[in-house]
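The values are calculated or read from the model by the stated rules, or taken from the named source; none is laboratory data. None of these values were measured; they are calculated from a predicted model. Virtual Cβ from ideal backbone geometry, glycine too; neighbours counted across all protein chains shown. Only protein heavy atoms, including side chains, enter the accessible area calculation; ligands, DNA and RNA are left aside. Shrake-Rupley method; radii C 1.70, N 1.55, O 1.52, S 1.80 Å.
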Amino acid sequence: MMDISRGRNRLAVGAGVGAATLLIAMLAGGSSASAEEDEFGVDGLESSSDLEGQPFFEADLYAEDHSATDEGAFAVVYASPSQETIEAMQLGESIKLSPVAFDRTDESGHIEMRLSDPNALEPFADDEGNVNLEMLASDGTSSYSHSFTVDASAVGEEATEGLSRLSSARSTSVRRSAPEPVKVHAVGPVTGKSSKIEKSGCTYTYVKNLGLMNVNVGYGYAVKGAATVSFNYKSGASTSLGISTSASGVAGTFTSGGTQSMSSDEAQGFPATDGGNIFKTKFRYGMWKNQCSGQPWGNILIYQVKPKNFEGGSIVTSASIPSATYCVPQVKGADYTQNKSTAYESSVGVASAPQIGINMSSRTGYSNAASLHFVWKKAGKLCGTNGTPGSSPKRLVAK
């Protein structure tokens with residue numbers, strides 16, 4: 001079983017060390033609590049409902065028939081293995097997941113997650129401070145999964161403020177920019193008990209190499225004869241990539257299961273060109289098996305398809321040039337670099353349908369590591385589809 005590595009300095013954080021025994025056993029909600037109720041929870045963590053401050057994640061859980069799940073579904077948020085750990089995993093290799101927050105749903109199937117330890121996410125942050133997380137839940141009948149990414153420092157600050165309020169006479173919490181609740185539908189039924197898994201634990205196993213997939217990482221638009229456009233996807237560029245989940249792992253049964261952030265390990269440039277373009281590169285994808293023991297419900301078993309590592313490669317395909325009317329002038333020979341807002345965003349930006357039956361999402365934000373560069377062949381202008389280039393242009397068109 002592997003260790004989960006800290007992305008920034010490769011400091012090993014034992015997947016089963018420090019968290020000791022991971023108590024993710026589940027207990028049905030209701031008024032008739034038994035003497036054993038206090039034994040159910042996650043060792044070393046406080047229930048999120050006992051904490052104050054802004055939640056870093058909210059969700060509404062829905063059963064397979066789309067009704068709100070019953071009160072008392074037990075949910076745990078885990079820190080996903082670091083990118084370095086994922087890249088190093090061999091087929092058949094497993095790691096133990098590390099919990100960072102837990103709670104039970106209310107009567108409407110709603111849940112809010114808060115950190116009892118403000119520094120809990122720090123060991124799992126990448127160089128940009130991003131932490132990939134996953135919520136796993138069960139209501140005794142169905143299992144649930146949702147992956148997402150947070151900024152470790154921002155969540156830590158909120159947690160620190162919340163704990164401070166909690167220790168000072170439990171003053172009223174002021175919620176700031178609370179996240180919108182995510183709608184999470186059941187992935188499938190819970191499975192029977194298994195003696196192959198340590199009681200009250202979650203394992204994450206790499207079960208299938210799905211090969212290289214094309215991932216759209218940028219748009220570029222330049223009217224022919226007016227200007228050229230090039231795209232740089234440098235080492236450290238971060239793309240939010242969709243994750244698909246299934247109860248069986250069989251192609252055609254996968255549905256959207258959230259997103260995770262992945263950074264490029266190397267630089268990939270794209271040549272200067274004109275017209276409408278979509279810039280694509282290659283990521284290797286794999287299938288993982290999430291398997292948890294959780295008494296008294298039995299085991300959670302969910303398959304995930306997600307990126308394993310960045311492979312590089314440059315592919316340019318044509319696209320229609322959108323209408324853009326928010327413009328600023330440019331003289332002949334001028335150049336402009338865009339390194340903010342969104343380079344690419346699409347719900348079908350990953351060509352995964354041949355392997356699993358659906359395409360997945362991709363979103364790349366402009367940054368110093370992912371930038372668009374325009375050069376004008378003659379006097380013209382640079383225009384945004386939703387605003388001027390210096391505001392919120394969404395897509396840029398050189399004319």
- Of the candidates D151, D103, the one satisfying the condition of being open to solvent by 20 Å² or more (accessible area, probe 1.4 Å) and not hydroxyl-bearing (S, T, Y) is D151
- Considering only the range 308-350, how many residues are over 15 Å from T385 (Cα atoms) and polar (S, T, N, Q)? 9
- Task: Looking at (1) surrounded by fewer than 16 Cβ atoms within 10 Å (Cβ to Cβ); (2) in contact (Cβ under 8 Å) with a residue 24 or more places away in the chain; (3) part of a loop (DSSP other than H, G, I, E, B), find the lone condition where E58 falls short.
- Result: (3)
- Message: Need a quick list: strands (runs of 3 or more DSSP E) entirely within the range 276-388 having at least 2 residues that are more than 25 Å from G220 (Cα to Cα).
- Response: 298-318
- Would you pick out the residues in the range 326-369 that are at pLDDT below 85, among the aromatic types (F, W, Y) and touching a Phe, Trp or Tyr at 6+ places or on another chain (Cβ under 7 Å)? Y344
- Query: Looking at the range 68-80, which of the residues that are of a type outside the set (A, V, I, L, M) and open to solvent by 10 Å² or more (accessible area, probe 1.4 Å) is modelled with the highest pLDDT?
  - Reply: S80
- Note on the structure: D65 meets each of (1) open to solvent by 10 Å² or more (accessible area, probe 1.4 Å); (2) touching a residue at least 40 places away in the same chain (Cβ under 8 Å) with one exception, condition (2)
- Task: Could you tell me which of the residues M262, M287 is open to solvent by 10 Å² or more (accessible area, probe 1.4 Å), among the hydrophobic types (A, V, I, L, M, F, W, C) and over 30 Å from K377 (Cα atoms)?
- Result: M287
- Of the conditions (1) crowded, with 18+ Cβ neighbours inside 10 Å; (2) on the phi > 0 side of the Ramachandran plot; (3) of a type outside the set (V, I, T), the single one that G357 does not satisfy is (1)
